[in-house]
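Read the structure below first, then the notes.
The values are calculated or read from the model by the stated rules, or taken from the named source; none is laboratory data. It should be emphasised that the depicted structure is a prediction, and the values quoted were computed from it without experimental measurement. FYI the Cβ positions are ideal-geometry reconstructions off the backbone, even for glycines, and counts take in every protein chain you see.
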Amino acid sequence: MRQDGPRDAPALVLIHGFGGSTRWWDPLVPMLARSHRVVRIDLLGHGRSAKPAGRGYEIPEQGRRVGAALDRLGVKHAIVVGHSTGGSVATALAEQRRDLVTALALVNTGPRLDAFVSQGLGGRLMSAPVVGHLLWRFRTDSLIRRVMSTGFSRPGYEIPQQLVDDVHGTTYHAYTATSQAADDYLTQRPLPERLTAVGKPLLVIFGKEDRRWRSSSADDYRAVPGARVELLPGVGHSPMLEDPALTAAPLLTFTATHSPRADSTKE
């Protein structure tokens, strides 16, 4: 868990996506922390969090853990931002804790499973039970970069080594269990239906050149009453890394309108 910005400012929670960590938000945080208490949390199986071999990777359970972490920090109200699978976790948290979540922003989060395009050849091989486990044991930086390549579309963008290191630090079980949990959550009920039932203000940010989820699927979120959808040109699945300033602009406009009051916290 990491915190930036004034502790007495409105809380803004950032949840990374599949295979990521709190570091995926690094380029965006300086722009957000000027006016918000920015809280970042490593999901189970990712970053510096535990990576158990059993259960616990289900999306609702991940949401529950985020809520528990915010309770420990004394955060009572927050806007929650999720990237990709992190958007599903943010949605699950809002389903469970409507008292805590005042608004949501989803960044390149697929609305339903059939909007998924591909993780590329490397991703398909890594997910194959026998081949994938073998490749995982002997994975190299180049293989990881190949798997991650569909997550970025901006010409000339080079994947930072620290993001490759995040994948190196993840177990094969955590990787596959999280992937399956994300699929299960979307199969059970598409996100626009879930978010309509939640009834919270919603911002959807989508890179137009996303190679993992069809960017046209962002229109599905317009079914959520009052939802605002922003398509960003020239970037793909990870706009907060590919063009932080472009991503921050609609997010800051949204938070200026919907930021909760600051919470008093016990340090």
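Key figures for this structure:
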{"read-out": "Count of the range 213-267 residues which are modelled with pLDDT under 95 and within 20 Å of the chain's Cα centre (by Cα)", "value": "2"}
{"read-out": "Helices (runs of 4 or more DSSP H) contained in the range 185-267 and holding at least 2 residues crowded, with 19+ Cβ neighbours inside 10 Å and without any contact (Cβ under 8 Å) to a residue 40 or more places away in the chain", "value": "none"}
{"read-out": "Scope the range 148-179; condition without any contact (Cβ under 8 Å) to a residue 60 or more places away in the chain and either part of a helix (DSSP H, G or I) or among the charged types (D, E, K, R) (or both); matching residues", "value": "149, 158, 161, 164, 165, 168, 172, 176"}
{"read-out": "Residue count, the range 98-115 (criterion: of a type in the set (Lys, Arg) and either within 15 Å of residue 228 (Cα to Cα) or free of Cβ contacts under 8 Å to residues at least 24 places away in the same chain (or both))", "value": "0"}
{"read-out": "For residue 28: the one exception among (1) of a type outside the set (Val, Ile, Thr); (2) over 14 Å from the mean Cα position of the chain (by Cα); (3) at negative phi", "value": "(2)"}
{"read-out": "Odd one out for residue 95, checked against (1) in contact with a Gly (Cβ under 8 Å, 6 or more places away or on another chain); (2) over 20 Å from residue 227 (Cβ atoms)", "value": "(2)"}
{"read-out": "Residue within the range 57-79 that is surrounded by fewer than 24 Cβ atoms within 10 Å (Cβ to Cβ) and closer than 15 Å to residue 166 by Cβ present", "value": "no"}
{"read-out": "Any hit, the range 75-89, residues being hydroxyl-bearing (Ser, Thr, Tyr) and assigned to a helix (DSSP H, G or I)", "value": "yes"}
{"read-out": "Check on residue 109, modelled with pLDDT of 60 or more, among the polar types (S, T, N, Q) and under 11 Å from residue 213 (Cβ atoms)", "value": "yes"}
{"read-out": "Top-ranked residue of the range 155-181 - restricted to ones that are among the charged types (D, E, K, R) and surrounded by fewer than 16 Cβ atoms within 10 Å (Cβ to Cβ), ranked as nearest to residue 60 (Cα to Cα)", "value": "165"}
{"read-out": "Breaking point among (1) touching a residue at least 40 places away in the same chain (Cβ under 8 Å); (2) part of a loop (DSSP other than H, G, I, E, B); (3) closer than 15 Å to residue 178 by Cβ; (4) out of contact with any Gly (no Cβ under 9 Å at 6 or more places or on another chain), for residue 47", "value": "(4)"}
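Yes/no per residue for (1) closer than 21 Å to residue 21 by Cβ; (2) in contact with a Cys (Cβ under 6 Å, 6 or more places away or on another chain); (3) modelled with pLDDT of 90 or more:
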| position | (1), (2), (3) |
| --- | --- |
| 113 | no, no, yes |
| 118 | no, no, no |
| 127 | yes, no, no |
| 131 | no, no, no |
| 139 | yes, no, no |
| 146 | yes, no, no |
| 157 | yes, no, yes |
| 175 | yes, no, yes |
| 195 | no, no, yes |
